[in-house]
Structures are given as structure tokens and as C-alpha cells.
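Working notes for the structure below.
None of the figures in this text is laboratory data; all of them are computed from the coordinates on show. This one's a predicted model, so the numbers in the text were calculated from it and none came from an experiment. Here the Cβ is made from the backbone with ideal geometry for all residues, glycine too, and neighbour counts use every protein chain on show.
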Ligand code: PHE
């Protein structure tokens, strides 16, 4: 049997995990959910969730991977017994579903980058023009399908090259590039007159906007943005060597992800408020408001190119990580060769994404309580499947494998930190055993309507 792939260094994992975590979630979704749920108040709850649930589940998943050196299904089985492999399979399936609709939205971004290069964005000087243009493009079945396919091909090419030469190398180039582009845009945003309103909007809490629905969204997003509950971090962790310090290698990507979310929200809000507009609290922020703002700014065509490039870079490194668990599964469980596994997984994800790609054109009549197919798929994945996968991982670590064994495994490589900060063991014990499973359960029940 060929030896299992591994990262070439610790940095390889850190950048790959950061690349996975930083995605459309940070740049496309985070600003609009913060806008929708009252700015600072939502932010406070979100940060609390990251600490009590996000970070510990992240560590738990990487720990499962590093300990077993297997794909999620194999890993769950090895630690929990045969019936637990179902939990692992669920997470792989979730990653597969996410990769399908993620590619559709990323395809729009790719399409908008092309529009920006063609100078089309500078023509969208009014909100009405931007909305009409966006709806026009989405209304073309061919446009959405073409870019969905193109994006999937880019993803498949990277995955095809393998863990080190594909995933690791892409992240080593794309993640630093993403930070540079983000910084350029931040400088631009902060120089806008009136941009301080954007800053205040982000930090001043409006507690009245913090509904139970906002809590579900905050938790779902904490999971989505750290790529949890879908086998990604288990799989990436399985390419780590045994003695790696998990506290370090997990904390850095989680912090990088949070910083990018905050900065992206700041960029979006300073630019939008600076142009005298309101963040309209919807997905339209990226495709309606931002193009209008750029069309009126000096040098706007370049800003548009930079902006959509930023989002595209973020999307590529996440998409590869959503598909990798399926590939690892086909390779570990069924001894497939990497190339065949990549071909099957990417073409399967493409096909599964087709209805979502057609959700605003040929299949626009298919709706359920006002949501089209794309909305339905993404809602089911982020509100149900992802928390469910995260719950499975943390129950495995905290209850089945047990806190004694899992904390012993976690100490391995991080002895120094655990000795210097005795509260760390208590913190992880509490999160693995109590806070993460119970909070996830409550929010999951709420999402399923149990409390209504
Ligand atoms: N974390 C990514 C984001 O914030 C999304 C993602 C989900 C990536 C699932 C990989 C797997 O956009």
C-alpha cells in the first residue's frame, strides 16, 4: 500500500487550514449576517461561540485526524467502534454537499471577476442597474453553469496534484496573496470619508437585534467559517505527523480566520458607508452594493478586480478542503487511486450543484417558503448537517473516546503549554464534555423548531 500523504511542514498545515477556514463565509456571508443581526451585539455572541464551541471542536477534529491518520469515516470507527463510522460518513457527505453549492456561488464570483476585467462593473452606476445586471446573469442558465463548471475544474486540478504538490502548494501561494489584497482594500476603505460609520456599525451593539434566530446563525457560522462538521479538519489533521503541537497549529488558523472576518466586514462597511450607502443586509451586498460603489470610485475598475480576486482566492482554498474528505475516503476505504478519486468526487459535486446553479433560471419555480434550491441546500447544510457533524465529532471525543484519553492525546506535543497553563486542561475538558455538545444540541433543536 502506498504511504499516506503528509504535509511537508507545520506551516503547510497552518496555511492549508487557514485557507480552508477563510472563504466565502468570511467575505461574502459574515458582513451581511453581522449587518442583518445588529452589528456589535452579534459580533460579541459570535466571538463567545468561537471560544466555547468553535475552537474546541476545531481542536477535537484535528486531534481525531492526527491520532488515527485516517479519513473521517475510518477515524470515527477506529476511535468509537463500527457504529461510529456512520458519524464520519455523515461529515464526509456534508462536505460533499457544501462543495456542490459552494462552487455555484464561487462561480458567480469568478464570473464577476471576468465582468470586472471586461470593464462591465464600472457601468453599474445605480443600484437598479446592479440588480438588473446580476439578475440578468443569473437568469442565464448557461452563465451560472459555465462558471460553476470552470470553478470545479480549477479545484479538481489542484486536488489532482496531491496533498503536498497540490493542496499545500496552492495554499502557500494563495493565502499570503489573499492577505495582501485584503490589506490593500482595507487601506482604501479606511481612507474613505465617512468610513468611521462603518467601524461604529461593527462595534456598537444593538442588543434588540439579537433574536434566537441570530443565535442559530452565529453558531452555524462559527462552524461554517472554521470548516467544521464536514470532515475537513479531521482529514487535514490526518496529514499531520504524530507529535505536532495541536494547540499552536489550531490556534493560528482560527485566529487568522477571525481576523479576516473582522477585516472583511470592516472593508465592506467602510466602503459602503463611505459611499453614503447602507449595508442592505443580504447576499446582495457583494453583487449589488459593492459594484455600485466601485463604479463611482476613482480607480473603481481596479478595485473591483482586486475585490473579486480576493473573494475568488478565498473560495478556491476552501473548496478544495470541502472535497478532500471524500477523496481521502475513497482512497483509504476503497483503495482508489488519487486521480480516480478526484475525478469522481469533483464530477459528482459538479452534478449535485447543477440544480443550485439553475435555481435562479430554469428551476426558479421550485421554491419552499420563499427559498430557491440553492437557499434550501445551503440552509440545510449550514443549519442542520454541519452542527450535526460537529456534534458527532465532539461527542466522540468528549464521551465515547473519553476526556481522559483524548486529553492525554492532546497533551502529546503540547506538554509545555499544558504544564505552564494548568487551566488549559480544565478548559478543554469543559468544552469537550459540556459546553460544546450541549450548546450545539440546543441550537440544533432550535433550528429544527423544537422550541417553537
Ligand atoms: N470555511 C469556509 C468558509 O468560511 C467554508 C467551508 C466549508 C470550507 C466547508 C470547507 C469546507 O467559507
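Arrange 371, 152 by Cβ neighbour counts within 10 Å, fewest through most, would you?
Fewest to most other Cβ atoms nearby, the residues stand as 371, 152.
Given the Cα-Cα distance of residue 384 and residue 334 and 0.36 nm per residue of separation, how much length would full extension add, in nm?
Numbers: separation 50, 0.36 × 50 = 18.00 nm, distance 2.82 nm.
Between residue 384 and residue 334, full extension yields 15.2 nm more.
Arranged by the count of other C-beta atoms within 10 angstrom, fewest first, what order do 404, 36, 140 take?
Placing the least packed residue first, the sequence is 404, 140, 36.
What does the C-alpha gyration tensor say about the overall shape of the stretch 297-365? Classify as rounded when a/c is under 1.5, otherwise prolate if a/b is larger than b/c, or oblate.
Oblate, since a/c reaches 1.5 and b/c is not below a/b.
What is the Cα centroid distance between the stretch 92-108 and the stretch 40-58, reported in whole angstrom?
Result: 24 Å between the Cα centres.
Compute the FRET efficiency between residue 245 and residue 11 as 1/(1 + (r/R0)^6), taking r as their Cβ-Cβ distance and R0 = 22 Å, and round to the nearest 0.05.
0.95
By how many degrees, 0 to 90 and rounded to 10, does the Cα axis of helix 40-49 deviate from the longest principal axis of the chain?
The angle comes out at about 20 degrees.
Please compute the length gained on full extension between residue 114 and residue 142, using 0.36 nm multiplied by the number of residues separating them and subtracting their Cα-Cα distance. Could you put the intermediate results ahead of the total?
On the way: separation 28, 0.36 × 28 = 10.08 nm, distance 1.51 nm.
Answer, rounded to one decimal: 8.6 nm.
In degrees from 0 to 90, rounded to the nearest 10, what is the angle of the helix 436-447 Cα long axis to the longest principal axis of the chain?
Result, in degrees: 40.
Fewest first, what order do 134, 307 take by the number of other Cβ atoms within 10 Å?
So the residues, fewest neighbours to most, are 134, 307.
Which angle from 0 to 90°, rounded to the nearest 10, does the C-alpha axis of helix 338-357 make with the longest principal axis of the chain?
In the chain, helix 338-357 runs at an angle near 40 degrees to the longest axis.
For residue 165 paired with residue 208, estimate the spin-label separation in nm (one decimal), with each label point 7 Å from Cα along the Cα-to-Cβ line.
6.1 nm
For the stretch 378-396 and the stretch 289-357, what is the separation of their C-alpha centers, rounded to whole Å?
Using only Cα atoms to place each centre, the spacing works out to 21 Å.
Specify whether the C-alpha gyration tensor of the stretch 153-235 places it in the rounded, prolate or oblate class, a ≥ b ≥ c being the square roots of the eigenvalues: rounded for a/c under 1.5, otherwise prolate if a/b is larger than b/c and oblate if not. List each step's numbers first, then the result.
Working: a/c = 4.11, a/b = 1.42, b/c = 2.90.
It is oblate, given that a/c is not under 1.5 and a/b is not larger than b/c.
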